[in-house]
Amino acid sequence: MLRAAVEAGADSVYCGLRDATNARNFPGLNFSPDELAREIEWAHGRGARVLVAINTFATAGGIDPWRAAIDAAAAAGVYAVIVADLGVLAYARERHPGLRLHLSVQAAAGTAEAIGFYAEAYGVRRVVLPRVLSAAEVAEVCRGSPVEIEAFVFGGLCVMAEGRCALSSYATGRSPNLAGVCSPAEAVAFDRTSQALTPRLSGLAIDRLGPEEPAGYPTLCKGRFEAGGATGYLFEEPVSLNAMSLLTSLRDAGVTAVKVEGRQRGRAYVARVAAAFRGAIDALERGEDLAPWEGRLADLAEGGRETAGAYRKRWR
């Protein structure tokens with residue numbers, strides 16, 4: 001997947017180590033320290049950068065795995081680490097003063113003042129904005145930020161503050177902010193009949209779909225429930241972010257980098273999305289219309305539907 005992204009035109013790729021220190025802690029998905037070092041060397045040979053997400057929150061009395069992850073990333077020669085936990089940031093700055101620090105979206109720093117604090121206290125060089133800001137608010141943050149700003153443009157959305165969600169733990173005992181996994185695969189099941197498909201999480205039915213309805217990965221926040229005599233998506237509908245149409249606005253606002261959520265996906269998905277955004281950004285730099293590029297990824301969206309998310313705040 002990392003190589004597919006680089007070969008499709010990604011300037012940088014973010015990934016994680018094979019433990020709970022990253023928010024996609026699924027079996028077979030991530031890197032050992034040796035694999036990471038090898039892939040960084042491969043990426044550097046093609047002019048690409050590798051960023052390592054160490055973006056979950058350390059547990060009380062158990063911070064050693066997060067410190068070890070920082071040490072392993074630094075030893076492998078990463079371009080930057082993406083961190084949310086204050087203690088992990090402090091350790092990285094003190095132990096590896098030359099290591100470039102990026103603030104994870106899970107830190108939810110959404111104001112220039114918050115960003116300034118992280119820059120001054122920890123030497124953070126880039127901040128990934130939470131996906132709750134409008135395009136105008138992104139521009140306002142960029143105007144006051146002392147460091148680089150990165151913004152999500154494609155992929156999944158979380159109903160709570162950027163993955164700091166407790167819902168998964170109620171059903172499975174594991175949540176993304178501590179265990180690095182939302183709705184672990186071993187808890188997921190699909191019951192299929194001729195009339196319906198029922199996704200389950202730890203045995204709990206969280207939706208019922210018709211034979212032709214698309215089924216995304218089942219998570220509680222995107223479940224459909226009956227409450228108050230009505231049935232609907234109480235927390236969030238299963239849709240995907242696609243902000244390609246806002247690339248011009250984000251560039252003009254001062255955003256340094258745009259981020260595609262590509263982990264827990266397949267190589268074909270990663271390659272196709274990276275190539276589409278590579279083409280759109282290159283067209284933007286040439287002064288060309290982005291309309292021919294928009295809509296090319298609609299069939300990859302969760303539930304077959306796209307949204308510009310909070311960038312265009314149209315809900316009540």
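The values are calculated or read from the model by the stated rules, or taken from the named source; none is laboratory data. What you are looking at is a predicted structure, and each value in this text was computed from that prediction instead of being measured. No Cβ is skipped: glycine too gets one built from the backbone with ideal geometry, and neighbour counts run over all protein chains shown.
Within the stretch 52-67, how many residues turn out to be touching an Asp or Glu at 6+ places or on another chain (Cβ under 6 Å) and among the aliphatic types (A, V, I, L, M)?
Final tally of qualifying residues: 1.
Could you grab me the full set of residues in the stretch 207-223 that are in contact with a strand residue (DSSP E or B) (Cβ under 6 Å, 6 or more places away or on another chain) and surrounded by 17 or more Cβ atoms within 10 Å (Cβ to Cβ)?
Matches in the stretch 207-223: Asp207, Leu209, Pro218.
Does the stretch 258-266 contain any residue that is modelled with pLDDT under 95, charged (D, E, K, R), not in a helix (DSSP H, G or I) and not assigned by TED's automatic domain parsing to the domain that holds Gly28?
no
Got a sec? Which of Ala112, Ala119, Ala136 is at pLDDT below 95, more than 28 Å from Val181 (Cα to Cα) and not assigned by TED's automatic domain parsing to the domain that holds Lys222?
Ala136
Name the strands (runs of 3 or more DSSP E) wholly within the stretch 142-256 that hold at least 2 residues that are modelled with pLDDT of 90 or more and either in contact with a Cys (Cβ under 9 Å, 6 or more places away or on another chain) or under 24 Å from Thr111 (Cβ atoms) (or both)?
Hits in the stretch 142-256: 148-155.
From Arg3, Arg49, Arg18, Arg67, grab the single residue that is surrounded by fewer than 22 Cβ atoms within 10 Å (Cβ to Cβ) and either more than 19 Å from the chain's Cα centre (by Cα) or more than 23 Å from Gly266 (Cα to Cα) (or both).
Sole residue among the options that is surrounded by fewer than 22 Cβ atoms within 10 Å (Cβ to Cβ) and either more than 19 Å from the chain's Cα centre (by Cα) or more than 23 Å from Gly266 (Cα to Cα) (or both): Arg67.
Just to verify a result, which residue in the stretch 198-244, among those that are touching a helix residue (DSSP H, G or I) at 6+ places or on another chain (Cβ under 9 Å) and polar (S, T, N, Q), is farthest from Glu137 (Cα to Cα)?
The qualifying residue farthest from Glu137 (Cα to Cα) is Ser202.
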